[in-house]
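Here the structure comes first, spelled out in structure tokens, and everything after it is commentary.
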Amino acid sequence: SPQIVWLRRDLRLADQPALHAAAQAGPVVPVFILDDERPKGDDDRTYGGAHRWWLHHSLESLSRGFGRHNARIVLRKGDSVSVLAGLAHELEAEAVHANRHYEPWWREAEEELKDALPDGTRLCLHDGNYLMPPGTATTGSGDPYKIYTPFYRAMLEIMPPRDELPVPSTISQPSDMPESDALADWDLLPTSPNWATQMEDFWTVGEDAAHERLGWWADHVAEYEDGRNLPSVDQTSQMSPHLHWGEISPVTIWHALKDKRSDGWKTFESELIWRDYAQNIVYQFPDYPRETYRDAIDDTKLWRNPNRGHIIQEELEAWQMGRTGYPIVDAGMRQLWALGWMHNRVRMIAASFLIKHLLIDWRHGERWFWDTLVDGDYASNGTNWQWVAGTGVDSNMFPRIMAPLKQSEKFDAAGYIRKWVPELADLPDGEIHDPTDLCRPADYPEKIISHKEGRERALEAYRAMKED
Ligand code: FAD
């Protein structure tokens, strides 16, 4: 009898535990539901613009993947639980298979689904999208970790991850497959203006592209140790959107690279473990991407509030648009807008600038990233914003203020700035990180605030908050 596979951020055929189990049990009905209701809640987590663009192309690619097995996927719109319960009823399905997702709205849906399915339809939840399911690595007393380094060590102790699963050799389907929406009718792509043109040129979306990228990365991972902090050379994997959408699993990546015994590989592995760590944090604290978790931080006192003064609102917008007068920050924010992706080193610098130099609550940055990143991830984004802000359960980073101009020089960002801030392209290396008033082109803004002033204001606000 039919096996429904509920697809979410696991848009692949290889190492797909839910699909693998379903294909062994009977004819398969893979379903993707565009659910704009469940993620809404009081903290709207419906897909951002860049998410929608990626999703459209990823579903197209997945349809081609199933097509190669003479199978197709069913697209539906609506509330996930009702749609699945309806389909299970209509098909008299034996089971609904899904890989667990840990965002709070998905955990809730998985719980509700247990009761909503008709008698005779089982819910089979699998683990598929992390090296280890959250909660696997625990302290001696069985508690989950809050701090990255001990989490990392514990993960190394319990590695390797599970074995990789092959693409099912056959994917049979029932003869009376349910109707599907047409992807084009979902209007996931921007039309006018089409802000995604550079994204179209830059990314190849989907499972095949993810594997191709992995092949390329296998030849470059050894350079990661030296190159990963240099935005001008881009020596990182750029696999984050493929991982976010589950076009490839971290388990597949781990097994493909495990024999590359270089320092680069060890560091890269530690980044994959960061991804698991972020999910491990959100598993423990589901509202982490929107709640400050450090008692010593008083949100009501520390931040300048953009809703309470148009100057602060203008500063937030200048940051969003890449017009802060800090070339490295502006280059990053413009790369983000153009590609839906930003280099990790620059994400840290840009986030720190918003939080500390502008003293704007980290949540405004987190939301902007959510809307503009193609890899915008509830757990990774929230955890990294809190980490930079020093407002979370791990580091006390607030008083450590990054110097954006020094960072730009240190990590040799001249080429990166020339690419993303074309007004500055003609400046020599000695000027480009911090253009003086004499050489600054008329169409490039002055600094919103000097580094010294921004730094002192942030430290003063921190001191005042603590003394209160
Ligand atoms: P690589 O350097 O090649 O790393 C390999 C993979 O490891 C990445 O694809 C990613 O899946 C994972 N990874 C690497 N660094 C981290 C990290 N610090 N935390 C969690 N996972 C990591 N990453 C996201 O995937 N989604 C986000 O929404 C996101 N928001 C961020 C916000 C801020 C403020 C900061 C500082 C970082 C954020 N990151 C986020 C983490 C990191 O910047 C990106 O994962 C990385 O830049 C993606 O590029 P890459 O694939 O080339 O990474």
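Structure values in brief
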| read-out | value |
| --- | --- |
| Where a residue in the range 422-446 is farther than 16 Å from residue 318 by Cβ and its partner, wherever it lies, is of a type in the set (Asp, Glu), with Cβ under 6 Å and at least six apart | 433/409; 439/431; 441/423 |
| Any hit, the range 239-249, residues being in contact with a His (Cβ under 9 Å, 6 or more places away or on another chain) and β-branched (Val, Ile, Thr) | yes |
| Yes/no for residue 390 being at positive phi, surrounded by 24 or more Cβ atoms within 10 Å (Cβ to Cβ), not assigned by TED's automatic domain parsing to the domain that holds residue 52 and not polar (S, T, N, Q) | no |
| Residue within the range 381-402 that is in contact with a Gly (Cβ under 9 Å, 6 or more places away or on another chain), within 13 Å of the ligand (Cβ to nearest atom) and among the β-branched types (Val, Ile, Thr) present | yes |
| One residue from 443, 426 being in contact with an Asp or Glu (Cβ under 6 Å, 6 or more places away or on another chain) and on the phi < 0 side of the Ramachandran plot | 443 |
| Residue that is farthest from the chain's Cα centre (by Cα) [pool: residues in the range 116-171 that are on the phi > 0 side of the Ramachandran plot and without any contact (Cβ under 8 Å) to a residue 60 or more places away in the chain] | 120 |
| Hey, residue 226 in a helix (DSSP H, G or I), more than 9 Å from the ligand (Cβ to nearest atom) and acidic (Asp, Glu) or not | yes |
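The values are calculated or read from the model by the stated rules, or taken from the named source; none is laboratory data. These numbers were taken from a predicted model, which means no experiment stands behind them. With ideal geometry, Cβ positions are generated from the backbone for all residues, glycine too; neighbour counts draw on all protein chains shown.
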